[in-house]
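What follows is a single structure, written as structure tokens, with notes after it.
The values are calculated or read from the model by the stated rules, or taken from the named source; none is laboratory data. Everything numeric here is computed off the predicted structure, so don't read it as measured data. All Cβ positions, even for glycine, are placed from backbone atoms using ideal geometry, and neighbour counts span all protein chains on display.
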Amino acid sequence: MAAELALSFQSSESRAEEHALILAAQTGDRAAFGRLYERYARMVHGIALSYVQHSDVQDIVQDVFLQAMERLPSLRLPEAFGGWLGAIARNTALDAVRRRRPTDELPHQLPAPRSSHDGQLDAAHAALDKIRKLPEAYRETLVLRLVEGLTGPEIARQTGLTPDSVRVNLHRGMKLLREQLREWQ
Amino acid sequence: MTHRHQDSKSFENPYLWDGSGPIDLEVAALERTLAPLRYRQGKKRRFTVGVAVASIAAMAALLVWFPAPKPLSDWTLGETAQHRQLHSGQVITTTNEAPAHIHSRRLGTLTVEPNSSLRLLHPDGKQERFALDYGTIRAFIWAPPAQFAVVTPSATAIDLGCVYTLQSDIHGDGQLAVEAGWVALQSQGLESFIPAGARCRIRGDTGPGIPVYDDATSLFRERFLDGTDLADLDLTETLRLARPKDALSLWHLLPRTHGSQRAQVIARFSDLAPLPSSVRAADLLQLRPEAMDGAWDSLQLGSTHSWRTWKRPWQAEPLAPTQPLE
């Protein structure tokens, strides 16, 4: 109980600090914006990775934060920042998917000298492809948990979803993913 | 019923929820498999030539040259498991296959576009500096104004808080386009200040050119972006094409003109952006710093806090026209 109270206190303190960062960034404090970048880059990266090729993700992360910097003054509620940023990331990634012509698609396995690192990347891409076949809500939450290493509470805090929604997405998504992996093997 | 039972049971998986409790082997295996795709930033570790060689082999589109071991910087190259911390003197050269990404938690991110070469220089005091030997970079900088600069063969681009794209060939001919914030270009005693939505030509022989807004008329833009010598400029026609917003370009023409032509620019400038009573045309004709500042204020470009913060230290230095029209 004491641990829960301490966690709750720490969480509200962190939220207050984050609100201060957002308000400062809205008035042009770029150091504050840089801190927000650090805090949310993993979430933006994870959402983008749920839709586009890994090689395109970093460009999208940069585009998302550029858009966020331009639009931040119009954000009314600091507590909505995570969900707002996530929506920008999702829309930017989906725009990139729509813009990409089929002829631009490159296979993950290019004919090149193979190394053990290539093998690891191939396996990672194959596993990611399985996650990408899941419904959108499960897909994003699982990428944030399994690829980006965010915990359930962190996902909830950053995306603005309720902890219960994250819990359901994680467990139902994982259940579907286990079934896909069994068929694959 | 079965479905509900399975959901309820899986809700009791603390490892999936927050990594606590007994390890779920399937989840842990997925975490391990997917780890190479994870976002990474600013991880501190020693950089060795051995690691560098492995990095070169792994990244076909990227060559990194190591002249000698140097102190590590805040900058890291790449964002996956292959990311490497850079040191001053290091050169990042991209082929035509892929861009490279450089990141600093403290300063910002850079995209080195294909067919480009970027060198990390020794910091100059508090200022972090790169040299763009050729090619294109896109910078998204959150460092305080004037703490990040990119040197090209013809001019130095000093960040005043912004997002911009800088392109230069090996002779220093190129262009700077600003998407957000401000960038200052500086060379040979000339300065150009480029706000969001504007771009500026740079030339190997004459340094920073005249900034023009992207929404200016095409005839006005071409006069400053197509590489024509300012000496060949039809000044009367150019001034006629200027809108009130284009007074920004005219302000930059002042130190690049002389005598009667400068007077002509001042007359048109004051039509488009009425000068405050404290600014005398005679002082502007002599490029007195306080008159130049007053004229700048009449542009009403919103907050110039960043610019002034950076400008103040060199305000007393004389402006040095290097490319007179006469």
* Structure fact -> Output for Cβ contacts, cut-off 8 Å, separation at least six or different chains, first residue farther than 15 Å from A:Leu144 by Cα and within 8 Å of chain B (Cβ to nearest Cβ) in the range A:121-133, second in a helix (DSSP H, G or I) and among the polar types (S, T, N, Q), reads A:Ala123/B:Thr33
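Output the residues belonging to the range A:27-36 that are more than 7 Å from chain B (Cβ to nearest Cβ) and of a type outside the set (D, E, K, R). Please lay out each step first, then the result.
Taking the range A:27-36 and keeping what is more than 7 Å from chain B (Cβ to nearest Cβ), we get A:27-29, A:32, A:35-36.
Once the filter is applied, which keeps residues that are more than 7 Å from chain B (Cβ to nearest Cβ) and of a type outside the set (D, E, K, R), the range A:27-36 yields A:Thr27, A:Gly28, A:Ala32, A:Leu36.
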* Asked: With (1) surrounded by 17 or more Cβ atoms within 10 Å (Cβ to Cβ); (2) under 24 Å from B:Lys126 (Cβ atoms); (3) modelled with pLDDT under 60 as the list, and B:Thr80 as the residue in question, which single condition is left unmet?
  -> (2)
* Look through the range A:35-45, keep the residues that are touching a helix residue (DSSP H, G or I) at 6+ places or on another chain (Cβ under 9 Å) and surrounded by fewer than 21 Cβ atoms within 10 Å (Cβ to Cβ), and return whichever of them is farthest from B:Thr109 (Cα to Cα). => A:Arg39
* To do: Starting from residues that are in a loop (DSSP other than H, G, I, E, B) and surrounded by 22 or more Cβ atoms within 10 Å (Cβ to Cβ), keep the ones in the range A:138-185 and report whichever is nearest to the other protein chains (Cβ to nearest Cβ).
  => A:Glu148
